[in-house]
Amino acid sequence: MATTNGHRWWRDAVIYQVYPRSFADGDGDGVGDIAGIRSRLPYLAGLGIDAIWFNPWYPSPMADAGYDVIDYRDIEPVFGTLAEAEALIAEAHDLDVRIIIDIVPNHGSDAMPWFQQALADGPGSEMRQRYWFRPGRGSDGGEPPNDWQSIFGGSAWTRTKNPDGTPGEWYLHLFAPEQPDLNWDHPAIREEFLDVLRFWLDRGVDGIRIDSAALLVKDPALPDGGDDADPLFTDRDEVHEIYRSWRALADTYDGDRLLVGEVWLPDPVRFANYLRPDELHTAFNFGFLGCPWNAAALRTVIDDTIRYHEPVGAPATWVLSNHDVTRHVTRYGRADTSFSFAAKKNGAGEIPVDLALGERRARAALLLCLALPGSSYLYQGEELGLWEVEDIPEELRDDPMWHRSNHTDPGRDGCRVPIPWSGGEAPFGFGPQGTTPWLPQPAAWGERTVEAQSGDPASMLSLYQAALGRRREETVLGHGPMTWLDAREGVLAFTREDALTCVVNLSAEPLALPEGHEVLLASGDLEGDALPTDSAVWLRGRAELE
């Protein structure tokens, strides 16, 4: 496949995230699968994307939606077979679409043969050294080895039982108890994952997305405490040795293979360390994702992102939604338009939302994202203007965040509801008629199907198709320089090499556009020669604002 704009494809790519359980169901069991995805590949190619990133598709008990992996070299039977995955890779390549898969290196499943053997072999065994087993504290070992907390809530330690039924050692899990952390100080772990990378790179995958990339290495003493200044299990310097070895392996393959990290870090300098020339190629920009719909805040995040990427020569990435966060149509329709997990846990979902306002801002945000230098990620269904489903019945919620928090954190199910394709009632073409999707779809999504929006020039889908098509035509878009232009308060304006200007009006009043510049694309109708509030436009050339 050709590179994008004459250089390394991932510097400019638009990458579409597929959450397999919720994309398309080929066999009618209510869960998305590879057969369903294969049937929709022409749609994705026609949308104008460059690559697809798949959330984990490996055999798993699904304690955390596939992020608890049993076997990294096979496919979860609910999704299909390895042969089907290989066929999907080939078919996508025939459509000039690349494939990125998700690797989960911090932890595996408690049903993984290694972990089961570690339990059976007992304390001090070689297999237990591949995990973090420790005796408990207190006279009877009844207290966890330290005070670390799980990201999903509660203690990060679970106690085992000995073969005779008596309490045994504890094991570490930074997520759910079904996801025991692997010990990356053990050479067998490092070799295992290099072999897993070879397995998939040999099968033609074009990139690897690394889950929880900053968490792999722990302080071996496992002391209490830990914070940003003294990271005991996050962003330890030793983690970079791992990614240097992964990069060295990826560079032995042709086709310019990509390593992209999920790196949640507050320090942009530490974040950029993962993007040095011998480590990862790119990483997700969560600062931009969580930023409120505010011109000053967005400009600060954009400037910081570009400034900290430049010294390491890495392209920036821009993303508005994914499988873990509240969909941005909903976020942008609230009084507080930012995102944080803490706010969501503390009742953000109970704040009223104006979906019409959220959609108008989401349309403008798309043009902003696609005009910024670097690559962009889209989350399935955002091209349809889907909102967060916040009224899922409690008995149908599936996320461990919901269960581990004693039902105080709504979890991530609301952004994972199966997407609508056609028809006026559920399952909206997600599966054959009569299919019951694994999470319920809102009845109002009948107006949001691909079928309903196709051919409607005012639809969200048509805007995405037009924007992605125009981005491919305009060679200045993607990785490269940008220059801010003077603009009044509440307005963002910048030019890409004086060939294209992006203007985003976040102020409360319409903005007069300069005369003599062709409108390439607008997020909505203009008001004569003015750009309405919460709207964006691409103009030909360098357009100076008054």
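Amide H to amide H distances under 5 Å link W157 with H173, where only residues 5 or more positions off or on other chains count and H is placed in the peptide plane. Over all projection directions, the Cα-based convex hull of the range 345-490 averages an area of 11.8 nm².
Rolling a 1.4 angstrom probe over the protein heavy atoms with all chains in place gives the chain an accessible area of 37 Å² per residue. Quick one: with all protein chains in place, what share of the accessible area of the chain is carbon or sulfur, to the nearest percent (1.4 Å probe)? Solvent-exposed carbon and sulfur of the chain make up 50 percent of the total. Overall, the range 392-546 carries a charge dipole of about 620 debye about its Cα centre when +1 sits on the Cβ of Lys and Arg and -1 on the Cβ of Asp and Glu, all other atoms neutral.
Between the C-alpha center of the range 156-172 and that of the range 477-546 there is a gap of 61 Å.
3J(HN,Hα) along the range 263-274, derived from phi through the Karplus expression 6.51 cos²θ - 1.76 cosθ + 1.60 where θ = phi - 60°, amounts to 10, 8, 9, x, 8, x, 5, 5, 4, 5, 4, 6 Hz, with x in place of Gly and Pro. In the chain, helices alone account for a calculated mean residue ellipticity at 222 nm of -7500 deg cm²/dmol, with every DSSP H run of four or more residues adding -39,500 (n - 2.57).
Does the range 463-526 come out rounded, prolate or oblate by the C-alpha gyration tensor, with a ≥ b ≥ c the root eigenvalues, rounded set by a/c under 1.5 and, if not, prolate when a/b is larger than b/c and oblate if not? Provide the component values of the computation, followed by the final result.
Numbers: a/c = 1.85, a/b = 1.30, b/c = 1.42.
Because a/c hits 1.5 or more and a/b fails to exceed b/c, the range 463-526 counts as oblate.
Distances between placed amide hydrogens fall under 5 Å for R334 paired with D354, all partners being 5 or more residues away or on another chain. If only the Cβ of Lys and Arg carry +1 and only the Cβ of Asp and Glu carry -1, the dipole of the range 16-88 around its Cα centre is close to 260 debye. Quick check: from the Cα gyration tensor, does the range 225-276 come out rounded (a/c under 1.5), prolate or oblate? It comes out prolate by the Cα gyration axes. If you take all other residues with their beta carbon under 10 Å from the beta carbon of H403, and give Lys and Arg +1 and Asp and Glu -1, the sum is -1. Of P393, P420, G434, whose Cα points farthest to the positive end of the dipole of the range 355-438 (charges on the beta-carbon: +1 Lys, Arg; -1 Asp, Glu; origin at the Cα centre)? It is P420. Decide, for the range 153-296, between rounded, prolate and oblate: order the square roots of the alpha carbon gyration tensor eigenvalues as a ≥ b ≥ c, take rounded if a/c falls under 1.5, and otherwise choose prolate if a/b is larger than b/c, else oblate. Note, shape of the range 153-296 comes out oblate. Legend: residues V78, V503, sorted from most to least accessible area (1.4 Å probe; ligands, DNA and RNA excluded), read V78, V503. Only protein heavy atoms count here; on that basis, with a 1.4 Å probe, V31 has an accessible area of about 20 Å². Kindly state, to the nearest 0.05, the FRET efficiency for D336 paired with E310, given R0 = 35 Å and r defined as their beta-carbon distance. After rounding to 0.05, the efficiency reads 0.65. For the chain, the residue among H517, A493, A365 whose Cα projects farthest onto the positive side of the dipole built from Cβ charges is H517. Its Cα gyration tensor gives the range 46-183 an equivalent ellipsoid. The semi-axes, each the square root of 5 times an eigenvalue, are 37, 16, 10 Å from largest down. About its Cα centre, the dipole of the range 301-434 is roughly 300 debye, where the only charges are +1 on Lys and Arg Cβ and -1 on Asp and Glu Cβ.
Remark on Y58: its backbone amide H falls under 5 Å from those of E76, a criterion applied only to residues 5 or more positions apart or on other chains, H modelled at 1.01 Å from N. Rounded to the nearest whole Hz, the Karplus-based 3J(HN,Hα) values (6.51 cos²θ - 1.76 cosθ + 1.60, θ = phi - 60°) of the range 439-445 follow the sequence 10, x, 9, x, 4, 5, 6, with x at glycine and proline. Qualifying GluC sites (Glu not before Pro) in the range 198-264, where qualification requires a DSSP coil assignment and no more than 15 other C-beta atoms within 10 Å, comprise E238. Toward the positive end of the charge dipole of the range 11-133, with +1 on the Cβ of Lys and Arg and -1 on the Cβ of Asp and Glu, the farthest Cα among I37, I15, S60 is that of I15.
Apply the membrane-span-like helix rule to the chain: whole DSSP H runs, Cα extent along the own long axis of at least 15 Å, mean Kyte-Doolittle hydropathy at least -1.0. List the helices found. Intermediate values should be presented prior to the final figure.
On the way: long enough: 34-47 (19 Å, 0.75); 82-94 (18 Å, 0.30); 187-202 (22 Å, 0.12); 239-250 (17 Å, -0.22); 295-309 (21 Å, 0.03); 355-371 (24 Å, 0.99); 460-473 (20 Å, -0.44).
For the chain, where a helix must reach 15 Å along its axis and average at least -1.0, the hits are 34-47, 82-94, 187-202, 239-250, 295-309, 355-371, 460-473.
So if R0 is 56 Å, what FRET efficiency would R488 and R236 give, r being the distance between their Cβ atoms, rounded to the nearest 0.05? After rounding to 0.05, the efficiency reads 0.80. For D140, the solvent-accessible surface computed with a 1.4 Å probe is close to 110 Å², ligands and nucleic acids excluded.
The values are calculated or read from the model by the stated rules, or taken from the named source; none is laboratory data. None of the values given here were measured: they were computed from a predicted structure. Note that we place each Cβ from the backbone using ideal geometry, even for glycine, and neighbour counts take in every protein chain shown. Ligands, DNA and RNA are excluded from the accessible area calculation, which covers all protein heavy atoms including side chains. Shrake-Rupley method; radii C 1.70, N 1.55, O 1.52, S 1.80 Å.
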